[in-house]
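Asks: Please read through the structure below; I'll follow up with questions.
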Amino acid sequence: MKIVIGNDHAAVAMKKQVSEYLADQGHEVINIGIDQEERCNYPDYAKKAAEYINAGKADVGVLICGTGAGMAIAANKVKGIRAVVCSEPVTARLAREHNHANIITFGARVIGIEMAIAILDAYLNAEELGGRHAERVGLITQIEEKG
Ligand code: RB5
């Protein structure tokens, strides 16, 4: 799978660990985040990752900041993006199955690398469910398009 990964200064170390893990699992990892711990603005990276997904240059995205919250808020402003902040694997699995999340976010100041990997495994091993879940995602898209 092609995975775009982005981060701000709060998550440089975790981004590197997560990227290595995903590459070891055979994924193509596209790093659009910052690699030095100099202060930067997380919305810039959320926007860039969202654009990769909307352009078909990545299948899904992983965004890491201090809490995951800012990245999710910013990414969700981009049409077509469904970003969910996760701090445990159940939400990650259901975000994919029920909400068709195309980005997951988490916080390097909130969880450790083992939990981050559990979240990624749960998300990447899940599949989008159809039926009532797809209909509800369709309703989200309607809000996005019509307000
Ligand atoms: C940066 O200090 C911090 O605000 C950012 O990483 C993130 O937690 C925002 O949601």
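Asks: Please go through (1) of a type in the set (D, E, K, R); (2) exposed (fewer than 15 other Cβ atoms within 10 Å of the Cβ); (3) within 20 Å of residue 112 (Cβ to Cβ) for residue 15 and return the number of the only condition it doesn't satisfy.
Replies: Going through the list (1) of a type in the set (D, E, K, R); (2) exposed (fewer than 15 other Cβ atoms within 10 Å of the Cβ); (3) within 20 Å of residue 112 (Cβ to Cβ), residue 15 breaks only (2).
Asks: Still on this structure, please answer the following. Which members of the stretch 127-145 meet the condition of being surrounded by 10 or more Cβ atoms within 10 Å (Cβ to Cβ), small (Gly, Ala, Ser) and assigned to a loop (DSSP other than H, G, I, E, B)?
Replies: 130 - this is the single residue of the stretch 127-145 that is surrounded by 10 or more Cβ atoms within 10 Å (Cβ to Cβ), small (Gly, Ala, Ser) and assigned to a loop (DSSP other than H, G, I, E, B).
Asks: Can you list the helices (runs of 4 or more DSSP H) found entirely within the stretch 10-93 that contain at least 2 residues being away from the ligand (no atom under 16 Å from the Cβ)?
Replies: It comes to 12-24, 42-54.
Asks: What about residue 104, is it in a loop (DSSP other than H, G, I, E, B), within 16 Å of the ligand (Cβ to nearest atom) and modelled with pLDDT of 95 or more? So that I can check it myself, show each step before the final result.
Replies: Working: in a loop (DSSP other than H, G, I, E, B): no; within 16 Å of the ligand (Cβ to nearest atom): yes; modelled with pLDDT of 95 or more: yes.
In short, no.
Asks: Same structure, new question: Mind checking whether some residue in the stretch 20-42 is surrounded by 20 or more Cβ atoms within 10 Å (Cβ to Cβ) and touching a residue at least 40 places away in the same chain (Cβ under 8 Å)?
Replies: no
The values are calculated or read from the model by the stated rules, or taken from the named source; none is laboratory data. Note that the coordinates shown come from a computational prediction; the quantities given were computed from them, not determined experimentally. Please note: Cβ atoms are built from the backbone with ideal geometry, for glycine as well, and neighbour counts cover all protein chains shown.
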